[in-house]
1. From Ser352, Ser404, grab the single residue that is within 16 Å of the ligand (Cβ to nearest atom), in contact with a helix residue (DSSP H, G or I) (Cβ under 9 Å, 6 or more places away or on another chain) and among the small types (Gly, Ala, Ser).
2. Name the strands (runs of 3 or more DSSP E) wholly within segment 364-440 that hold at least 3 residues that are surrounded by fewer than 22 Cβ atoms within 10 Å (Cβ to Cβ)?
3. Quickly run through segment 46-91 and pick out the residues that are free of Cβ contacts under 8 Å to residues at least 40 places away in the same chain and not in a helix (DSSP H, G or I).
4. Please indicate, with yes or no, whether at least one residue in segment 92-114 is buried (at least 24 other Cβ atoms within 10 Å of the Cβ), touching a residue at least 12 places away in the same chain (Cβ under 8 Å) and either in contact with a His (Cβ under 7 Å, 6 or more places away or on another chain) or β-branched (Val, Ile, Thr) (or both).
5. Just give me the residues in segment 205-229 being touching a helix residue (DSSP H, G or I) at 6+ places or on another chain (Cβ under 9 Å) and part of a loop (DSSP other than H, G, I, E, B), in sequence order.
6. With the checklist (1) away from the ligand (no atom under 15 Å from the Cβ); (2) under 18 Å from Leu111 (Cα atoms) in hand, flag the one item Val190 doesn't pass.
7. Residue check, Ala149 against (1) under 24 Å from Glu294 (Cβ atoms); (2) surrounded by fewer than 24 Cβ atoms within 10 Å (Cβ to Cβ); (3) in contact with a Pro (Cβ under 8 Å, 6 or more places away or on another chain), all met but one. Which one?
8. Take segment 151-176 and flag every residue that is out of contact with any helix residue (DSSP H, G or I) (no Cβ under 7 Å at 6 or more places or on another chain) and not aliphatic (A, V, I, L, M).
Amino acid sequence: MNHHTPETPADVVARLRATFRTGRTKPVEWRTGQLRRMRAMLAERGSDLAAALHADLGKSSTEAYRTEIDFTIREIDHTLDHLDAWLRPEPAPVPAHLGADATAWTRYDPLGVVLVIAPWNYPAQLLLAPVVGALASGNAVVAKPSELAPATSAALAELLPAYLDTDAVAVVEGGVPETTALLAERFDHVFYTGNGTVGRIVMRAAAEHLTPVTLELGGKSPVFVDRDTDLGVVADRLARGKFINAGQTCVAPDYVLTTQETAAALETALVRAVDALYGGDPAASPEYGRIINERHFDRLSALLDSGRVVTGGDSDRTGKYIAPTVLADVDPKSPVMQEEIFGPILPIVTVSGLDEAIDFINDRDKPLALYVFSESGETRDRIAAETSSGGLGYGLPLAHLTVSDLPFGGVGESGMGNYHGRYSIETFSHRKAVLDKPLN
Ligand code: NAD
């Protein structure tokens, strides 16, 4: 196969489909072999990826390894450790009318050729982690990195084919025209991470072929801070979760709901927490990232006067820098409260108490994540039972998605379907029902 002549999306899919039809991707040895190759890629060329992530997002090397490279390695190791068990056929009880000799079970079949479309904010992890699941399930994969993180996209386009089976895994780079062309093809599953507007485009295109989709979307993830909590700890954990990757995290705490009196004390604690994390001048901290591009910088800058600035508030367009910013006395009708912020701005909205906080959350789209800081069992239980969100975190933002045995995904406007660990096998396989009635 000559890989130097540019292939059309139709050519790529046809080539991968031909490979899938040979059965080559199905044996578990092929799957684990590919995962081991990807692991080697991350171990040997992780620094190339880290450099690309720094070029695209000003990500520090520590953060690049923690949230993208090592994160993916852990996902691979967890899958390698458990894949045999996850793939084991599951026996099902057989009803008496079929006779005592009949047996039944389910088995996991690969789907075929799957498309993974990734966003720019964790541009390596959010492409690779779904690919891990797709390969572990025995599929061929077309991977489409985000054009808005061009250095990472180029690095992945170079590295993945250098390590993986190029007859079964293809990287297609590009933006809207290229993705539109890909989506015209028939895939057996489309796994999309990004915003809900494009999510609808993806689902519409997939519907033409009756292709199932996983949509990993976003939205405003709320935080409820109860009275009588240790606000030093709360502020430290909130600031870490909010300002990592300059707030460009799908599960970042979007805004805080708390009572007036707690808000006042939390403000002081947040000023201290931001200072402890990034020093007096976050622009000079190597640990603090940058905004992906001018368009997002301009969008975020327009939100900086949505409330009283508690800390931060300054920005620099040339450096695509926006300070870690906390806004207080924020009106729910203000611009910062209308859409997912996806940047380093944390508004505090005051409510009269838990009832109003629950109503506030339920009046809006179902969030991807919801965080609760409370020592009260009743408060914690009520929020779990009375609200709906993709994930729920008590006491620590972001961390639920690092638990490989938890499904990661949204609900309602924050998406459909989920993945990570064994849930990736569910997503990228067909669970086939099998009945066996002996002939004599
Ligand atoms: P993005 O702009 O990089 O878009 C995502 C992908 O969609 C890219 O690969 C892009 O090429 C493709 N795309 C863009 N326009 C398209 C079109 N018209 N047709 C077909 N494909 C198109 O990323 P984004 O959407 O700005 O990502 C940010 C959003 O993603 C936020 O809402 C965030 O919360 C969400 N997000 C969710 C998760 C999750 O796991 N649930 C993770 C990260 C980000």
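1. On the way: Ser352 fails: within 16 Å of the ligand (Cβ to nearest atom).
Criteria check complete, one pass: Ser404.
2. In segment 364-440, 429-436 are the strands (runs of 3 or more DSSP E) which contain 3 or more residues that are surrounded by fewer than 22 Cβ atoms within 10 Å (Cβ to Cβ).
3. Hits for segment 46-91 are Arg88, Glu90, Pro91.
4. Yes - at least one qualifying residue is present in segment 92-114.
5. Thr211, Pro212, Leu217, Gly218, Gly219, Lys220, Ser221, Asp226, Arg227, Asp228, Thr229
6. Unmet for Val190, out of (1) away from the ligand (no atom under 15 Å from the Cβ); (2) under 18 Å from Leu111 (Cα atoms): (1).
7. Here Ala149 meets the rest and fails (2).
8. Hits for segment 151-176 are Ser153, Glu158, Pro161, Thr166, Gly174, Gly175.
Readers should treat all values here as calculations from the given coordinates under stated rules, not as data from a laboratory. Please read all numbers here as calculations on a predicted model, not as lab measurements. Cβ atoms come from the backbone with ideal geometry, glycine included; neighbour counts cover every protein chain shown.
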